[in-house]
Amino acid sequence: MASGLGSLISAVVGTPDRRAEVLVRFLADEMAGPYADLLRLTTDSERPDEPGRPAPLHLLHRDFDGSTLRVSLHPAPEIQQPPVSDSDGADAALRTRLACILTLLSDLLWVNNNSPVTFRFRIGRLDPGDGDPVAAAARWWVENREDADGHDEEAFRPVPAADLRAGLRNLVRMHLSELFDGSWDGIDEFRELPADHLATFLGDDLIDLVLARMGADVHIGYAGLLPTTWPPDGEDFEKEPQTTVLLVDRHEVAVLEIDMTC
């Protein structure tokens, strides 16, 4: 049923690229799950506004406990960007898009049955002073984090952008393949993450957006768990399931936190 539903959705919203195909397949799989009922609703009064334009698609979903959800898909004449308020500043559009990506990743990645992987991101002004930019950013982070009183300055390791991307993909693999319970037993048997999985696009989008915002001369450092190889090396086995990434230019620092604790 999911494949047929995917065709119906594609006819309405279109699939101009591979990413759109993945999103359509994800929606179809969610709506046509093994323990769900699905109805297509039609009305005589609803017609396309333009000749040749498909009619809206209305779906009524009921899951195994009786909860219902109606989804209505309408073909858009053009792609509209999220609304931006002047008071939000220059990063308003970036924050909106990042919030959507981080929300979706938390919805897909779980530590256990009750605890999702959570993401936080912020940008601050940096007074670099003297010395290494990442070290200056680490001092700023200790002073400006919400729980600053309970933390000492951490040792941040420099990391290239390619390893940051690989590390995030491996974290996605850990928490998407199965519920990672803190034990590393059998991790070499975790399934490969499909190249076209929605979480792959989301993770790459996250890195691309942050790197584009911070510029080509960004310095990157991380503390905590960031397995850049698969399976993770021996040192990764001893780290707490938290990751903090600092991205630094001359005047700003961006902080990406990934919390994988129960």
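Identify all residues within region 121-142 that are outside any strand (DSSP E or B), open to solvent by 50 Å² or more (accessible area, probe 1.4 Å) and modelled with pLDDT of 85 or more; write none if there are none.
In the first step, residues of region 121-142 are kept if they are outside any strand (DSSP E or B); the result is 126-142.
Right, trim to open to solvent by 50 Å² or more (accessible area, probe 1.4 Å) and you get 127, 129-132, 139.
Residue satisfying the conditions is R139 alone.
For region 206-262, enumerate the residues that are among the polar types (S, T, N, Q) and assigned to a loop (DSSP other than H, G, I, E, B).
The first filter runs over region 206-262 and keeps only residues among the polar types (S, T, N, Q), leaving 228-229, 242-244, 261.
Within region 206-262, T228, T229, T261 meet the criteria.
Any chance you could count how many residues in region 70-90 are modelled with pLDDT of 75 or more and surrounded by 13 or more Cβ atoms within 10 Å (Cβ to Cβ)?
4
Would you mind stating whether T103 is open to solvent by less than 60 Å² (accessible area, probe 1.4 Å), among the hydroxyl-bearing types (S, T, Y) and modelled with pLDDT of 90 or more?
Details: open to solvent by less than 60 Å² (accessible area, probe 1.4 Å): no; among the hydroxyl-bearing types (S, T, Y): yes; modelled with pLDDT of 90 or more: yes.
The answer is no for T103.
Out of region 143-192, which residues are in a helix (DSSP H, G or I), among the small types (G, A, S) and modelled with pLDDT of 80 or more? Show your work before the answer.
Looking only at region 143-192, we keep the residues that are in a helix (DSSP H, G or I), and these are 143-144, 148-150, 161-177, 187-189.
Remaining after also requiring among the small types (G, A, S): 148, 150, 161-162, 166-167, 177.
Within region 143-192, A161, A162, A166, G167 meet the criteria.
The values are calculated or read from the model by the stated rules, or taken from the named source; none is laboratory data. Note that this is a predicted model, so its numbers are computed, not measured. Note: ideal-geometry Cβ built from the backbone for every residue, glycine included; neighbour counts use all protein chains shown. To get the accessible areas, we keep the full protein, side chains included, count just its heavy atoms, and leave off ligands, DNA and RNA. Shrake-Rupley method; radii C 1.70, N 1.55, O 1.52, S 1.80 Å.
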